[in-house]
Each structure stands twice: as structure tokens, then as C-alpha cells.
1. To the nearest 10 square angstrom, what accessible area does LYS155 show with a 1.4 Å probe?
2. What are the residues whose amide H is under 5 Å from the amide H of LYS104, where those residues sit 5 or more places off or on another chain and H is modelled from the backbone?
3. Students often get this wrong: which residues of the stretch 53-96 have the backbone nitrogen under 14 Å from the point 7 angstrom along Cα-to-C-beta of VAL153?
4. From the Cα gyration tensor of the chain, with a ≥ b ≥ c the square roots of its eigenvalues, which class applies: rounded if a/c is under 1.5, or else prolate if a/b is larger than b/c, or else oblate?
5. Straight-line reach from LYS82: which lysines fall under 25 Å, measuring Cα to Cα and dropping same-chain residues less than 8 apart?
6. Given Cα pairs under 8 Å that are at least 6 residues apart, what percent is the relative contact order of the chain?
7. Between HIS121 and HIS191, what is the label-point separation in nm under the 7 Å Cα-to-beta-carbon projection?
8. In nanometres, what is the gap between the two model label sites at GLU183 and VAL110, each 7 Å from Cα along Cα-to-Cβ?
Amino acid sequence: MQRTRKIGIGFVVTVALALLVAPWAQAQEAEYIGTKNCRMCHNKKTTGAQWTVWSKSGHKKALEVLKSEESVALGKELGLEKPPSESPECLKCHVTAYDVKAKKAPAKIVPSDGVGCESCHGASSLHLADAKKAMKDKSIDLTKNHHIPSEAVCKTCHNDSSPTWKADRYTLKDGTKVGFDFEQAKKKIAHPNPTKK
Ligand code: HEC
Ligand code: HEC
Ligand code: HEC
Ligand code: HEC
């Protein structure tokens, strides 16, 4: 009995040490912080006022649109138990990082912000920490803890499982109709920083 116990503790200590040394054990996971936390640094006219551009876009209204007549009618047609603005079936693409199983968004995500910054740029707590450090330390690389979204990110929502999907929403240069075109769609939501290239 005594002996087993010693081995047990030795094992625990070894594993704990291994965890401290293993590089993957130190890799932090970013958490969602909400769009309000981007406004203070990304709303200056001189650097592109990204927050204002987004707040006037359809993405900001993505929860609101679930309360429209069209949405309510669609909800009935699909036999949803609850109104669309409360249904995981709709919220999963109309609210940032909505967790269908848990039936809620992460704590700091405000659902009425619809599709917020972090829907495309990813959970940003590490970027926020970097940005605060960067105010004193100019060597911090602010592109590191960030995602500039690829086409695949858009297509997690802009795809044919959306009940209002229109396969001919966009027209390519050669006349082909498609449901989503990354280049044209990106231009519609553009919020560049004019001080960069
Ligand atoms: C404390 C200030 C601060 C906060 C808060 C902040 N950022 Fe930033 N962010 C910066 C600075 C400074 C840069 C570097 C200059 C630039 O690209 O505008 C930057 C750069 C970026 C970039 C461009 C990265 C690249 O690869 O070029 C993105 C995207 C971004 N931030 C998104 C966000 C989002 C989303 C939030 C909120 C969840 C946020 N930021 C919150 C200061 C901040
Ligand atoms: C797979 C993701 C996804 C799901 C699930 C989803 N939507 Fe959407 N919804 C979108 C996207 C993306 C758009 C923007 C239009 C586009 O580009 O397809 C949109 C647009 C809309 C619009 C605006 C009309 C339009 O054609 O632009 C309404 C209304 C709407 N959705 C209602 C709903 C309702 C109601 C539900 C639930 C029954 C729902 N959506 C579920 C992704 C989704
Ligand atoms: C629907 C997706 C989407 C949303 C929502 C979104 N962005 Fe972006 N953002 C992009 C894309 C795509 C780019 C890169 C565009 C390019 O380089 O062609 C970008 C670029 C940026 C850049 C870099 C600009 C530059 O020229 O260096 C910043 C900063 C940024 N976004 C901040 C924000 C903030 C803050 C919010 C919320 C208020 C936000 N974004 C919301 C998709 C999004
Ligand atoms: C989390 C889901 C989600 C992601 C990710 C997403 N979208 Fe959307 N998008 C929507 C929804 C929902 C709407 C409809 C909102 C409405 O009608 O109010 C929409 C609407 C749009 C519209 C039409 C409305 C407008 O603002 O002009 C464009 C263009 C668009 N998205 C581009 C993009 C691009 C480009 C990306 C990727 C860089 C992207 N979206 C990523 C959910 C998403």
C-alpha cells in the first residue's frame, strides 16, 4: 500500500514536470473578447475606422435580420420551435462563435452585435494583450496573434446550408453565377487601414 502510494506521487510529479517543459503546454488559447473591445483602437478615421465601417454593415445587423418578417415566415416554414432569433439553427451563422450544443455564444460576445470582428479575425484576447504591450514596446509583432480570414472562413457561413442561399447571388467576370465570390464580397465589406501599403 505504502509503496504504491509513493510510485503514484512520483508519477504525478513526473507528469507535472513534463507539462511544464512541453512547449505545447505553454501555448495559450485565445478567448473571445467581443467587438466593443476592438472599438477603442480600431475606430480612428486616419487608420480606417474599422469599427464604424463594420457597424454600418449587414454583419452588424445579422441578429436583427432574424426578427424580420421574412425570417419569421421562414422559421414557421421550417417548423422551428422558437423564433429564429432564439433558434440555434439560425444563430449558428448570425452570431459570433455561437455554440449550438451549449445554445449560447461565449460570455463576452454580445449577440445583438451579430457577426462581429472575431467571426472573421478569430478570438482576440492574445491580440489585445499584445496591443497593450505594444503601446510601450514597439518590437511587438501585431500580426502574429491574428488571422486575416481566408475564403474558407467566409464559407463557414456563406454556403448552401443557409436557408436564404441564392446560387446566383454573384456574377463572375465571365458571366458565371455563383452563390459566393470571395473577391467581390471582400470589397463590399472592405475596411482597410489607409496608412498601410
Ligand atoms: C489596445 C489597442 C488594440 C485593441 C484593443 C485591438 N487592436 Fe487590433 N491592432 C492594434 C494595433 C496597434 C495594430 C497594428 C496596426 C494596424 O494594423 O492597424 C492592430 C492590428 C490588427 C489587425 C491587423 C493584423 C494584421 O495582420 O495586419 C487586425 C485584423 C486587428 N488588429 C483586429 C482586432 C480585433 C478584431 C480587435 C478586437 C477583438 C482588436 N484588433 C483590438 C491595436 C489594437
Ligand atoms: C449556414 C449559415 C446560415 C444559417 C444556418 C442561417 N443563415 Fe441566414 N444568412 C446567412 C448568410 C451568409 C446570409 C447572407 C446572404 C448570403 O450571402 O448568402 C444570410 C442572410 C439571411 C437573411 C437576409 C436575406 C438575404 O437573402 O440576404 C435572412 C432573412 C436570413 N438569413 C434568415 C435566416 C433564418 C431565419 C435562419 C434560420 C432558419 C438562417 N438565416 C440560418 C447564413 C446562414
Ligand atoms: C466578415 C469578415 C470580417 C469582419 C466581420 C471584420 N473583418 Fe476586419 N478584415 C477582414 C478581411 C477579409 C480583411 C483583409 C482584407 C484584405 O487585406 O483584402 C480584414 C482586415 C482588417 C484589418 C487590417 C486592415 C489593413 O489594411 O491592414 C483590421 C485592422 C481589421 N480588419 C479590423 C477589424 C475590426 C476591428 C472589425 C470589427 C469592428 C473587423 N475587422 C471585422 C474581414 C472582416
Ligand atoms: C459567422 C458567419 C459569417 C461569416 C464568418 C461571414 N459572414 Fe458574411 N454574412 C453573414 C450573415 C448572417 C449575413 C447577412 C446579414 C444581414 O443580412 O443582415 C452576411 C452578409 C454578408 C454580405 C452582404 C451584406 C453586406 O454587409 O454588404 C457580404 C458582402 C458578406 N457577408 C461578406 C463576407 C465575407 C467576405 C466574409 C469572409 C471574409 C464573411 N462575409 C464572413 C454571416 C457571415
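1. Near enough 90 Å² of accessible area.
2. ASP99
3. 96
4. In terms of gyration-tensor shape, oblate.
5. Output for LYS82: LYS60, LYS61, LYS67, LYS92, LYS101, LYS103, LYS104, LYS108, LYS166.
6. Over the chain, the number comes to 21 percent.
7. That separation, rounded to one decimal, is 0.7 nm.
8. Calculated label separation equals 3.7 nm.
The values are calculated or read from the model by the stated rules, or taken from the named source; none is laboratory data. As the structure is a prediction and not an experimental result, all values here were calculated from the model. Because the Cβ atoms are built from the backbone with ideal geometry, glycine has one as well, and the counts that use them run over all protein chains shown. Note: accessible area is taken over every heavy atom of the protein model, side chains too, but ligands, DNA and RNA are not part of it. Shrake-Rupley method; radii C 1.70, N 1.55, O 1.52, S 1.80 Å.
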